[in-house]
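Peer 1: Just dropping this structure here.
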């Protein structure tokens, strides 16, 4: 079935550094979603992208819908301790249907 | 608004026991979902309900049943729990029209251990 591959699987950075992660698929997606999961909590929607090439920001977070429609990118600028968590990308299995497929996540750890 | 709530937060079962996980949302969403999350993996869809009165299988439905009790509530039942069902279970909801239908909102999860 369709799979979303996230890279890297884990990151260890210093506070204040910028972070980049990506999500790729062998199939075309028309919607990309980025979620963050804090330890012991449910995922929280960060950014939704609906158009190829779209660049959307949410505070220090910026996400891009890749022009090929097969990838998406999430950047975090000037990381702070509360950015720690797991970041997931997701997209609809079939456009128009509501079922989502999720990547395996990128775990972010920040050293103060 | 509480958003999506789940009960219980933690549960330990013995193999063969049954239980029902409860989920409720107060956002007037039409669609609701049940996922499981296992270590190192993303979320996998168990069942979903596009609207009140309808349910459909997701990626991993075996061993589970669901009930969409009304627009607010969507329950997940394990009839005979197995160790392979040890996982964290998340309920989610979304609107059912246009782009907003992809934006799912999650509850805090139920951590289930089957021994």
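Peer 1: List the number of the failed condition for residue B:71; all other conditions in (1) part of a strand (DSSP E or B); (2) surrounded by fewer than 19 Cβ atoms within 10 Å (Cβ to Cβ); (3) away from chain A (no Cβ under 14 Å) hold.
Peer 2: So the condition that residue B:71 fails would be (1).
Peer 1: Given the condition within 11 Å of chain B (Cβ to nearest Cβ), in contact (Cβ under 8 Å) with a residue 40 or more places away in the chain and surrounded by fewer than 18 Cβ atoms within 10 Å (Cβ to Cβ), answer yes or no: does some residue in the range A:67-83 qualify?
Peer 2: First pass over the range A:67-83, keeping only residues within 11 Å of chain B (Cβ to nearest Cβ): none.
Within the range A:67-83, none of the residues are within 11 Å of chain B (Cβ to nearest Cβ), in contact (Cβ under 8 Å) with a residue 40 or more places away in the chain and surrounded by fewer than 18 Cβ atoms within 10 Å (Cβ to Cβ).
Peer 1: Collect the residues in the range A:55-93 that are under 14 Å from the mean Cα position of the chain (by Cα), in a loop (DSSP other than H, G, I, E, B) and farther than 18 Å from residue A:8 by Cα, keeping them in residue-number order.
Peer 2: Scanning the range A:55-93 gives a single hit, A:60.
Peer 1: When you check residue A:1 against the structure, is it modelled with pLDDT of 95 or more and either assigned to a loop (DSSP other than H, G, I, E, B) or on the phi > 0 side of the Ramachandran plot (or both), yes or no? Don't jump to the end; show me each part of the working.
Peer 2: Values: modelled with pLDDT of 95 or more: no; either assigned to a loop (DSSP other than H, G, I, E, B) or on the phi > 0 side of the Ramachandran plot (or both): yes.
No: the conditions fail for residue A:1.
Peer 1: Going by what's in this entry, would residue A:42 be described as under 27 Å from residue B:6 (Cβ atoms) and free of Cβ contacts under 8 Å to residues at least 60 places away in the same chain?
Peer 2: On the way: under 27 Å from residue B:6 (Cβ atoms): yes; free of Cβ contacts under 8 Å to residues at least 60 places away in the same chain: yes.
So residue A:42 passes the test.
The values are calculated or read from the model by the stated rules, or taken from the named source; none is laboratory data. Since the structure is predicted, the reported quantities are computational estimates derived from the model, not experimental observations. Note that we place each Cβ from the backbone using ideal geometry, even for glycine, and neighbour counts take in every protein chain shown.
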